[in-house]
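Since the structure comes first, as structure tokens, the remarks are kept for the end.
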Amino acid sequence: LGLLYQEYRDKSTREEIETRRLQDSQTDPEETSPSEETPSEAERTSTIENKAPPQINLLRNSNSRFNLWQDLPEVQSSGVLSILQPDEIKLQEAMFELVTSEASYYKSLNLLVSHFMENERLKKILHQSEAHILFSNVLDVMAVSERFLLDLEQRVEENIVISDVCDIVYQHTVNHFSVYITYVSNQTYQERAYKQLLQDKPAFREVISQLELDPKCKGLSFSSFLILPFQRITRLKLLVQNILKKVEEKSDRESTALDAHKELETVVKACNEGVRKMSRTEQMISIQKKLEFKIKSVPIISHSRWLLKQGELQQMNGPKTSRTLRTKKLFREIYLFLFNDLLVICRQIPGDKYQVFDSAPRGLLRVEELEDQGQSLANVFILRLLENADDREASYMLKASSQSEMKRWMISLAPNRRTKFVSFTSRLVDCPQIQCVHPYVAQQPDELSLELADVLNILDKTDDGWIFGERLHDQERGWFPSSMGEEILNPKIRAQNLKECFRVHKSDDSQRRKLGSRNRQ
């Protein structure tokens, strides 16, 4: 617990990756891994000498070691390790991790407030409005974390063997965690304000650099503290999932964990929507200004519309019989704006403008990959508009710059088109899987940001190093570089991952199917 949350989180996910690597290399996934060792002989023969609740004050004792539950002296001396079944010990560890990680998170939040927000030099540099955008409602978030941690701590102190924590998670999520939605929804403005302050105010830049160098920060950047609430609410959902995988099926603890998970999922979704709504609105206004309609004008800005993909492709001129010709003159540039409900086809014109010459509802698009192509027609596909701007069917033969770009366009244009591998939501017994070993930040709307230890089903892959995947814990889909992950080769581990995921989402199976059948948008 002497670790800041950023360190704690990194250590925890790295251990998760290594554990999964070890399991993947074993022939039997049920074999015990180092992180799940059975109690030693000395521990087994010890007797229950101390029945009193352990005094484990995580909020005030922030310099404790990074411990497993079974490493606590109070637990070892009690003799419970010789009584509890291995599965119950794993469950205790999962619940204890939720508690200790909250203590580490609270410590980092406290540092953000006391070391940065309340710094007198920084206060003098920032206007009140700038400080409000930069730190938002972080004081509310910290107060919620403190109250949450105190309740968790009280539960740990009630008994050496933790009865449950998900009931506490549920109550706090329902009654208090809305502060996270407020904080995270401000993220777009927060990031922009921070960049602007660094650029416009040398004094701000200097103070922040000096504060970051303080040993308290352990080499971590100011921005890594600002993003803590969003990381925490997402991680908390995963920690509850981990508990859910370990509780007895059809038990009260399973029911409580499912309830807590469902409420956390609602908060996380609201956080994501808050961030996306802010950036999407600004993006749609920018695009609208760049479009000039050669055809009947289509209103672009809508509260329910957002951009999925944009980019340049080569359009083949002339009838299909011209495919026999091998010359680049066959192609000319066009530019596509694909929204969640609409495709707009343009040609770029001077002044960073785009002239629209065709459009169609996204639901009336079909794609077809060409086979047996020569080199000049590699990465070519047919795009059919069943009903275009002139209320007639139209076809375009389009060439992409690479195989991955072609596949990305085809999947975005026709999301219900069958992928190379069957989706997680099909309940297929086996499917290629990959675990993330390097974090990745999405660069395009059709890409998927990855966190360390994320596990994904591989739905499609390209020869030039891209994977289209579906993350198991939330069914979000998108593209990412294959170098970000390691494929899980053991079929038993893949089946186990799917089984656990089905269990996590079984409380709302219809919602799971709905989420799994759509692209990340």
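Counting only protein heavy atoms and using a 1.4 Å probe, what share of the accessible area of region 65-286 belongs to carbon plus sulfur, as a whole percent?
So the carbon and sulfur contribution to the accessible surface is 51 percent.
Can you pull out the trypsin sites (Lys or Arg not before Pro) in region 63-154 that DSSP calls coil and that have at most 11 other Cβ atoms within 10 Å?
Arg65
How would you order 188-198, 237-247, 293-303 from highest to lowest mean count of nearby Cβ atoms within 10 Å?
Final packing ranking: 237-247, 188-198, 293-303.
Quick one: Karplus J couplings for region 253-264, per residue in order, coefficients 6.51, -1.76, 1.60, θ = phi - 60°, nearest Hz, x for Gly and Pro?
5, 5, 4, 5, 5, 5, 5, 4, 5, 4, 5, 5
What does the net charge come to around Leu197 if you take all other residues with beta carbon closer than 12 Å to its beta carbon, with K and R at +1 and D and E at -1?
Surrounding charge for Leu197 is 0.
Can you list residues from other chains, or at least 5 along the same chain, whose modelled amide H is less than 5 Å from the amide H of Phe293?
The answer is Val356.
Over all distinct Cα pairs, what is the inverse of the mean 1/r for region 65-286, reported as the Kirkwood hydrodynamic radius in Å?
Answer for region 65-286: a Kirkwood hydrodynamic radius of 19.3 Å.
Tell me the per residue accessible area of region 65-286 using a 1.4 Å probe; a whole number in Å² is fine.
44 Å²
Using Cα-Cα distances under 8 Å and only pairs 6 or more residues apart, what relative contact order does region 433-514 have, in percent?
Normalised by residue count, the contact order of region 433-514 is 27 percent.
Restricting attention to region 66-130, which GluC sites (Glu not before Pro) occupy a DSSP loop and are surrounded by at most 14 other Cβ atoms within 10 Å?
Glu118
Could you please put Thr182, Thr173 in sequence from largest to smallest accessible area, using a 1.4 Å probe?
Thr182, Thr173
Of the options Leu452, Leu489, Gly478, report the single residue whose Cα projects farthest towards the positive end of the charge dipole of region 433-514 (beta-carbon charges: Lys, Arg +1; Asp, Glu -1).
The one lying farthest along the dipole's positive direction is Leu489.
What is the Cα centroid distance between region 174-191 and region 445-463, reported in whole angstrom?
If you average the Cα positions of each part, the centres end up 26 Å apart.
Residues with beta-carbon under 13 Å from that of Ala394, excluding Ala394: net charge, scoring Lys, Arg +1 and Asp, Glu -1?
Local charge sum for Ala394: -2.
Could you tell me the distance between the Cα centroids of region 231-257 and region 332-348, to the nearest Å?
43 Å
Over region 433-514, give the accessible area per residue in Å² for a 1.4 Å probe, as an integer.
38 Å²
What are the residues whose amide H is under 5 Å from the amide H of Gly485, where those residues sit 5 or more places off or on another chain and H is modelled from the backbone?
So Gly485 has HN proximity to Val437.
Quick one: 3J(HN,Hα) in Hz for region 450-459, Karplus 6.51/-1.76/1.60 with θ = phi - 60°, rounded, Gly and Pro as x.
10, 10, 3, 6, 4, 10, 10, 7, 8, 8
The values are calculated or read from the model by the stated rules, or taken from the named source; none is laboratory data. On a predicted model such as this, the values are computed, not experimentally measured, just so you know. Cβ: placed from backbone, ideal geometry, glycine included. Neighbour counts: every protein chain shown. Heavy atoms of the whole protein, side chains included, go into the accessibility calculation; ligands, DNA and RNA do not. Shrake-Rupley method; radii C 1.70, N 1.55, O 1.52, S 1.80 Å.
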